[in-house]
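Worksheet: the structure to be examined is printed underneath.
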Amino acid sequence: MKGLLSMRVALAYGARTRALKLAVAMVLAVAPGGALAEEVTIAALGDSLTQGYGLPQGEGFVPQLEAWLRAQGAEVTVLNAGVSGDTTAGGLSRVAWTLTPEVDAMIVALGGNDLLRGIDPAASRANLAGILKAAQEAGVEVMLVGLSAPGNYGPDFKSAFDAMYPELAAEYGAMHFESFLKGLTDLPDRGAAMRDYMQEDGIHPSAKGVSLIVEAMGPTVLDLVSRVTAAH
C-alpha cells in the first residue's frame, strides 16, 4: 500500500513538474505585449550598399545586420532586396514584389545613385514617397535611411535632397536614420576612415566598415523591430 501511495505521489509530482515547465516555457515565449513572440522579417530595399557590393557572402550589410540583431536577442530575418546601381525609381518599380506577405518591416536605403546621376531631388522625393505609400498600404513599418548631398550641385539641390528624408519620414509615420554611412562619417579622422574602412573604389565600405555601419544603425533597427512587435 505504501509503495502504491509513493508511486501516486511521484506521478502527481511529475505531472505538476511537467505542467510547471510547460507554463514557464509559455511565459518565455510570450512577448511583452502579451502576444506569442514571432520572428520579424525585415526587407532591406536599397542599392549596392545594401546588396554588399565587392564583399564575400556573409560579410555584406544584410548578413552582418541580421547577425548583430540576433546577438542582441532579436528574432529577426533580414532579406536582401539591394540591387547594385539602383535608383529611387528602381526601388519604386520593385517595391510591390518586395512587400511579400511575410515582410513585417522594411529598411529603405536609396538615393546614392540619384546623387551620382544628378537627378532632380523632386523626382527622387516622389519615388521615395511612392515606396513609403506602398509600405503604408501594406501595413509594413519602415525605416527610411537618409544621405547627405555634396555641395557641388549647389545649395538649393543640397537643401532639397537632404530635407526629403526626414520630411517624408514624418509625413508617412516612418522611422528616420540620418545616413547609411553614419558609422564611418562620425569617425574623427575622415582620411583614416577612407583608408581603413572603404574598398579601393572609395565608394563602398569594406567588411570592417560595414561592421561599423551596422553598429551605428543597429539600435534604430531594434526600435523598428519593437514597433512591429508592439503593433502585433
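In order along the stretch 188-197, the Karplus-derived 3J(HN,Hα) couplings, from 6.51 cos²θ - 1.76 cosθ + 1.60 at θ = phi - 60°, round to x, 10, 5, x, 5, 4, 5, 6, 8, 10 Hz, and Gly and Pro are given as x. Each Lys and Arg Cβ is given +1 and each Asp and Glu Cβ -1; about its Cα centre, the stretch 133-231 then shows a dipole of about 100 debye. For the stretch 132-202, compute Rg over Rh where Rg is the Cα radius of gyration and Rh is the Kirkwood radius from the inverse mean 1/r over Cα pairs. Rg divided by Rh gives 1.08. Separation of the stretch 101-128 from the stretch 179-232 is 18 Å, based on Cα centroids.
Can you tell me how much longer the chain between Tyr153 and Arg195 gets when fully stretched, taken as 0.36 nm per residue apart minus their C-alpha distance, in nm with one decimal?
Extra length available between Tyr153 and Arg195 comes to 12.5 nm.
Under 5 Å between amide hydrogens, built in the peptide plane, is the criterion, and for Tyr53 it picks out nothing among residues at least 5 positions away or on other chains.
Based on C-alpha pairs under 8 angstrom that are at least 6 apart in sequence, the stretch 100-184 has a relative contact order of 34 percent. Each Lys or Arg adds one and each Asp or Glu takes one away; over the other residues whose Cβ falls under 12 Å from the Cβ of Glu39, this sums to -4.
Couplings for the stretch 95-112, taken from phi via the Karplus curve 6.51 cos²θ - 1.76 cosθ + 1.60 with θ = phi - 60°, read 5, 4, 8, 7, 7, 6, x, 7, 6, 9, 8, 9, 9, 10, 10, 10, x, x Hz in order; Gly and Pro are left as x.
Assign one of three labels to the stretch 92-146, namely rounded, prolate or oblate, based on the Cα gyration tensor with a ≥ b ≥ c the square roots of its eigenvalues; rounded applies when a/c is under 1.5, prolate when it is not and a/b is larger than b/c, and oblate otherwise.
prolate
In percent, rounded to a whole number, the relative contact order of the stretch 145-232 is 23, using alpha-carbon pairs under 8 Å and six or more apart. Each peptide among 155-161, 131-137, 186-192 gets the average number of other Cβ atoms lying within 10 Å of its residues, and from highest to lowest they stand as 131-137, 155-161, 186-192.
Every read-out reported here was derived from the displayed coordinates using simple, explicitly stated rules and does not represent laboratory data. This structure is a prediction, so every number in the text was calculated from the model and none was measured. When we count neighbours, we look across all protein chains shown, and the Cβ atoms used for this are built from the backbone with ideal geometry, even at glycine.
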